[in-house]
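First up is the structure itself, then whatever we jot down about it.
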Amino acid sequence: MPVIEVEGLVVRYGDVVAVDGVDLTADAGQILALLGPNGAGKTSTVETLEGYRRRAAGRVSVLGLDPARDHTALTRRVGVMLQNGGVYPGMGAGEAVRLFASYYDDPLDPAALLERVGLAGVARTPWRRLSGGEQQRLSLALALVGRPQVAFLDEPTAGVDVQGRQVIRTVVRELRDAGVCVVLTTHELEEAQRLADRIVIVDRGRVVAAGSLSELLTAGAGGSIRFGAPAGIDVAALADRVGAAVTEVSPGDYEVATDATPAAVAAVTAWLAQHDLPLADLRAGRERLEDVFLRLTQRQ
Amino acid sequence: MRALAAQTAAELRLTLRRGESVLLTIAIPVGLLAFFSTVKVLPVPAGVHRPVQFLAPGILALAVMSTAMVSLGIATGFERQYGVLKRLGATPLGRPRLLAAKTVAVLAIELLQVAVLVGVALALGWSPSPGEAPAAGAVILATAGFAGIGLTMAGALRAEVTLAGANALYLILLLIGGVVFPLGSLPTALADVARALPAAALSDALHAALGGGRGGAGAWVALACWAVGAPALAAVTFRWE
């Protein structure tokens, strides 16, 4: 039975529909990424699962509980990392972890947890003097100190430097390997691509695609060649030469509707060379996640 | 129980660590008490010969207001603004234990204030009447009322507005609260309004209990109304995020 089940979730703020019929499932030992542009409804969805938002419609279950009705029971089993900290500004990192540990019956050892997220050296530094990356890692530690079965991480790597990202990714993978169900939201493709077992792309309150990374890349990615070149080249002439339709998807970004055979790629590059046109980049075969993402979330 | 104890200790540590809070709750009351007890520039009620007799109960009232209304209101306002209250909502701590921890922390700070201020007042020659029980009752009622006012502001306004508003209210109630000079020195209409407010009601009740002035049943009625009404208003209007 899935740890998280969401069916037809609708969240409204007055007349604004933030979440418009989202379906989701996530299992134990799985990292699920909710990926979408800012304002897509990711945080509203996650905050409904955390029990902060009332749903206007739909069915939501976390560990078999209703987050709105069984909030108290759920708080013992769920770890939460909010988008904006939520730690007393004057409280030291170690002090905060020890305080949060006191809320749970069987918490992790605060000192070991600080070590694990790389904050042992700043244990006495108050929250407001930590760097953005350190604050995010402290927030992560506070989400984990109660040994949760589900961890909701809202934009966990936002504003975090490279080393900090490594720590956060390692800890998130350890959670997954320990059987925790991890739900993270991100607007960064790379984060979803690196971490997630399952990616759900959300846009304007709706799920526009869901699956593993390779499923998302294969779906709808028919054979094509895409390349970058100066805007406004003669696509009709190129189409004649290659023997397939050529469209300028956006200024300077072209798509050739043919299987990406070596011969077809050679024809494209030869034509460009003949017309003395520079080639900015060339992608053949499967789409990149960025292409899928942009295609699905393109604003009309 | 462990969570409540840890939360209370954390609330106390954070309060004592904020310099402006210690200034407002300890240094200013002690300073006012010592200054006006030794420099006789303010009027005292008829029949009171030493200013400290009148000042000590009034300054105790000011101390209660500074902790329960100003310090609590400002701290809670910023906790709301920084998302601390929201984050705590996702832990098993729960709102009842959070409120209990804040209550115990406020009472503990008040005990500290009473110890310091009574010590200073005695050193300045204060000889209180033996009215500890009614004084303690008045302080508890006033604490509930002031906390209700502070939390109403904290739960509805931006933290910066609460900061400014609570400090402004502190200054106004200091002037019309029977704290450093008797209400009788004010114009009658203003004094009548002031008597309905919790600061004057508390200082009246403390003057009646500890000496230095007279207080009637009206003060107790006002204290009781604020003790019920203000927290009820806070409970209804408080927004946690």
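Which residue pairs have Cβ atoms under 8 Å apart, sit 6 or more places apart or on different chains, and have a first residue in the stretch A:193-212 that is more than 25 Å from A:Tyr13 (Cβ to Cβ) and a second that is surrounded by 20 or more Cβ atoms within 10 Å (Cβ to Cβ) and of a type in the set (Asp, Glu)?
Between residues of the stretch A:193-212 that are more than 25 Å from A:Tyr13 (Cβ to Cβ) and residues that are surrounded by 20 or more Cβ atoms within 10 Å (Cβ to Cβ) and of a type in the set (Asp, Glu), there is no close pair.
State the number of residues belonging to the stretch B:190-205 that are over 17 Å from B:Cys225 (Cα atoms) and either in contact with a Leu (Cβ under 8 Å, 6 or more places away or on another chain) or in contact (Cβ under 8 Å) with a residue 40 or more places away in the chain (or both).
So the answer is 1.
If I filter the stretch A:123-153 down to residues being in a loop (DSSP other than H, G, I, E, B) and of a type in the set (S, T, N, Q), which single residue comes out as nearest to A:Arg98 (Cα to Cα)?
Checking each candidate, the answer is A:Thr125.
Just checking, how many residues over the stretch A:93-112 are at the interface with another protein chain (Cβ under 10 Å from one of its Cβ atoms) and either small (Gly, Ala, Ser) or outside any loop (DSSP other than H, G, I, E, B) (or both)?
7
From the list B:Arg80, B:Arg17, B:Arg50, pick out the single residue that is surrounded by fewer than 17 Cβ atoms within 10 Å (Cβ to Cβ) and either under 26 Å from A:Met81 (Cβ atoms) or touching a Lys or Arg at 6+ places or on another chain (Cβ under 9 Å) (or both).
On the way: B:Arg80 fails: surrounded by fewer than 17 Cβ atoms within 10 Å (Cβ to Cβ); B:Arg50 fails: either under 26 Å from A:Met81 (Cβ atoms) or touching a Lys or Arg at 6+ places or on another chain (Cβ under 9 Å) (or both).
None of the other options fit; the residue is B:Arg17.
Could you check how many residues of the stretch B:71-130 are charged (D, E, K, R), within 14 Å of chain A (Cβ to nearest Cβ) and over 24 Å from B:Glu160 (Cα atoms)?
Residues in the stretch B:71-130 being charged (D, E, K, R), within 14 Å of chain A (Cβ to nearest Cβ) and over 24 Å from B:Glu160 (Cα atoms): 1 in total.
I'd like to verify a number: residues in the stretch B:227-238 that are in a helix (DSSP H, G or I), touching a residue at least 40 places away in the same chain (Cβ under 8 Å) and closer than 15 Å to B:Met153 by Cα, how many?
Summing the residues that are in a helix (DSSP H, G or I), touching a residue at least 40 places away in the same chain (Cβ under 8 Å) and closer than 15 Å to B:Met153 by Cα in the stretch B:227-238 gives 7.
In the list B:Pro57, B:Pro45, B:Pro29, which residue meets the criterion of being more than 13 Å from the chain's Cα centre (by Cα), closer than 21 Å to B:Pro198 by Cα and more than 13 Å from every other protein chain (Cβ to nearest Cβ)? Please lay out each step first, then the result.
On the way: B:Pro57 fails: more than 13 Å from the chain's Cα centre (by Cα); B:Pro29 fails: more than 13 Å from the chain's Cα centre (by Cα).
Residue meeting the stated conditions: B:Pro45.
Conditions tested, residue by residue: (1) more than 16 Å from the chain's Cα centre (by Cα); (2) of a type in the set (S, T, N, Q).
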residue: A:Ala112; (1), (2): yes, no
residue: A:Glu115; (1), (2): yes, no
residue: A:Thr125; (1), (2): yes, yes
residue: A:Ala143; (1), (2): yes, no
residue: A:Arg147; (1), (2): yes, no
residue: A:Phe152; (1), (2): no, no
residue: A:Arg173; (1), (2): no, no
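For a quick check of your reading of the model, give me the residue pairs whose first member lies in the stretch A:154-166 and is part of a strand (DSSP E or B), whose second is among the polar types (S, T, N, Q), with beta-carbon atoms closer than 8 Å and at least 6 apart or on different chains.
Qualifying pairs under 8 Å: A:Asp154/A:Thr43; A:Asp154/A:Gln83; A:Asp154/A:Thr185.
Take the stretch A:49-91 and flag every residue that is among the aliphatic types (A, V, I, L, M), more than 11 Å from chain B (Cβ to nearest Cβ) and assigned to a loop (DSSP other than H, G, I, E, B).
Across the stretch A:49-91, the qualifying residues are A:Ala56, A:Leu63, A:Ala68.
Among the listed residues B:Pro96, B:Pro43, which satisfies the condition of being assigned to a loop (DSSP other than H, G, I, E, B) and either loosely packed, with under 15 Cβ neighbours inside 10 Å or touching a strand residue (DSSP E or B) at 6+ places or on another chain (Cβ under 6 Å) (or both)?
When all the criteria are applied, what remains is B:Pro43.
The numbers here are math on the coordinates, done by the rules we state, and not lab data. These numbers come from a predicted model, not from an experiment. Here Cβ is always computed from backbone atoms with ideal geometry, including for glycine, and neighbour counts include all displayed protein chains.
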